[in-house]
Amino acid sequence: MEIFTENAGLLLDAIGTTLLMVFVAGIGSLILGVLVTVARVSPIPILRRAAFLYVQFFINVPLLALLLLAVFALPDAGLILPLLPTAIIVLTVYEAAYVAEAVRSGINTVSVGQIEASRALGLTLWQSLRLIVIPQSLRAVVQPLGNVMIALAMNTALAAVIGVVELTSRVNKINLVYAQPIEIFTGAGLVYMLIALAIGLTAGRIERKVAILR
Amino acid sequence: MFASRSSRRRGAVLGAVVAVTALALSACSADSSSNVPSGNDAAEVTDVQAMLAGAPVADDALFTPGSTMEKIRDRGTLIVGEALDAPLLSQQDPTNPDDVAGFDAYLAQLLSVYIFGEPSVEIVPPASETREALLQNGTVDVVFNTYTITEERAEQISFAGPYFSSGLAVAVKADNDDITGIDDLGGKTVIVGSNTPAVLAVPEEQPTAELVDFATDPQAVQALLQGRGDAYVQDYTLLASNAAANSDLKVVGQPFTAEPYGIGLGFGDAEFKDFINNWLLEIQDGGQWGQAWTYSLGTVVESEIPTPPTIGSVPGS
């Protein structure tokens, strides 16, 4: 137990970094994911194609490979960013693909009749998306989005590999001194569990508030 | 509306182009790192086989009933915690998974010869984070994993040896003339390997240095060459092999620490520890220790076979 009290400052700092990554990449991926979905259901073929390729690319390439590419390959192409922003950007574009898939399944819950009605009322495509389709589809997928956010929180641990000092990286370092892997990693696991619980419970609350009873 | 859409599209296309370029580039850099000497040429394989054939075998009397070594001998294979990705120390040949070359790997094979009369090693690759746990729960019999003997670790597990002594040194880009050793690293950004002794040793020497850690040695080298840090602190022999393979990198100054590497064993198993320490003395006298060094670390360092450290000479061993 004294392992955790002696290193409280360092651990809180690292948990802060983890939460920062979850928060920024979470908001970013929700926005980017909705935009990708809009592109995917838009009537412009090339936009639909691009959005499809985006989703397929990021769902089919492992996150660790993306992180390593962003950190070690992009500098060779002349683009070098500090490690934490790099990790947040990669997490954002990666999770956005999963958000896009979740939101797309939500769009399928909006009946064609509603879209036809909105067109009949004279709404433009953008208006019917913004006022009719997106709000309803997001309400239908609150819990799946919560799961994507939980996966995002777990995935932040991979940033330890590329030198971001977040929770996993910090407990690795502490273990190097104390050589007590079971206690130390159980502690870290509990923190991740609390983060996941918080996201899951929040998603549950939001869902109950916004769900459309049909 | 149209403008914003088309720029989004362009963004997606640009992203794809960047990603593809990145993939291509990483493929190139993977090629260039393959010339790290790994010590598994055909000629060296026969050398190693000759070394194993001539290695000492334990006397039957040493296998006392109920002892750990007797259990291992009855099982028929020695389960070793050792890396598969450490050049010169313990590296698996990807085209021939049975061929694991390097100093740690050769010693593990020598120990299995000592127990069984022929090499029989099963490798469990440990993460540096879990070596103590693997020993405590009996998943592995011994750990050969550049396992630095420390007193904290010696409270959890036991160490035989030390079997090798190395030290941390500083590497910089070849065109960097400002840094000539550990003393110049104050306030600098220093790259280290995760879970290596450098994580603790650098702040002790230079509290103002900022550390960035990467999981593997090739990543750390790449990060140094791309300018993510001013210097890279790592084991001297590993740095020497990197510098031999890559002219963009140079080692500056002398090693500034002494890292005694021990063989990790289950805690408090004094009988097994004596058994292994005796074996270490036998291969030191028999010349196999020196051969194992010559066929691995000795391929990149221009010096005579070093003197093995005295067994039990380190607190914790």
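Bear in mind that the values in this text are calculations on the coordinates, not laboratory data. Worth saying up front: this structure is predicted, and the values here are computed from it rather than measured. Counting neighbours? That spans all protein chains shown, and the Cβs are built from the backbone with ideal geometry, glycine included.
Treating r as the C-beta distance of residue B:47 and residue A:213 and R0 as 56 Å, the FRET efficiency rounds to 0.15. For chain B, modelled as a GNM whose springs connect Cα atoms under 10 angstrom apart, the maximal fluctuation among B:281, B:107, B:84 occurs at B:281. A Förster radius of 45 Å combined with the Cβ-Cβ distance from residue A:121 to residue A:79 puts the calculated FRET efficiency at roughly 0.45.
Can you classify chain A as rounded, prolate or oblate using the Cα gyration tensor, where a ≥ b ≥ c are the square roots of its eigenvalues, rounded means a/c under 1.5, and otherwise it's prolate if a/b beats b/c and oblate if not?
Values: a/c = 3.44, a/b = 1.76, b/c = 1.95.
In terms of gyration-tensor shape, oblate.
Could you work out how far helix A:8-41 tilts from the main Cα principal axis of chain A, as a 0 to 90 degree angle to the nearest 10? It works out to around 20 degrees. Each stretch of four or more DSSP H residues adds -39500 (n - 2.57); spread over every residue of chain A, this sum gives -24500 deg cm²/dmol at 222 nm. Springs join every pair of Cα atoms under 10 Å in this Gaussian network model of chain B, and among B:105, B:53, B:198 the largest mean-square fluctuation is at B:53. Phi-derived couplings, Karplus 6.51 cos²θ - 1.76 cosθ + 1.60 at θ = phi - 60°, listed residue by residue for the stretch A:106-111: x, 4, 5, 7, 7, 6 Hz, with x used for Gly and Pro. Given their separation in residues at 0.36 nm each and the Cα-Cα distance between them, residue B:93 and residue B:208 gain 37.4 nm when the chain is fully extended.
Would you please give the FRET efficiency between residue A:151 and residue A:190, computed as 1/(1 + (r/R0)^6) with r the Cβ-Cβ distance and R0 = 22 Å, to the nearest 0.05?
In this case the efficiency is close to 0.75.
Distance from the Cα centroid of the stretch B:111-182 to that of the stretch A:44-83 is 37 Å (rounded to whole angstrom). Roughly how tilted is helix B:236-245, in degrees to the nearest 10 and between 0 and 90, from the longest Cα axis of chain B? Long axis of B:236-245 versus the principal axis of chain B: about 50 degrees. Using only Cα atoms, find the angle between the long axis of helix B:42-53 and the longest principal axis of chain B, and express it within 0 to 90 degrees, rounded to the nearest 10. Tilt relative to chain B: about 30 degrees.
Run through the DSSP bridge list for chain B and note the antiparallel percent, rounded to the nearest 5. Of those bridges, close to 60 percent are antiparallel.
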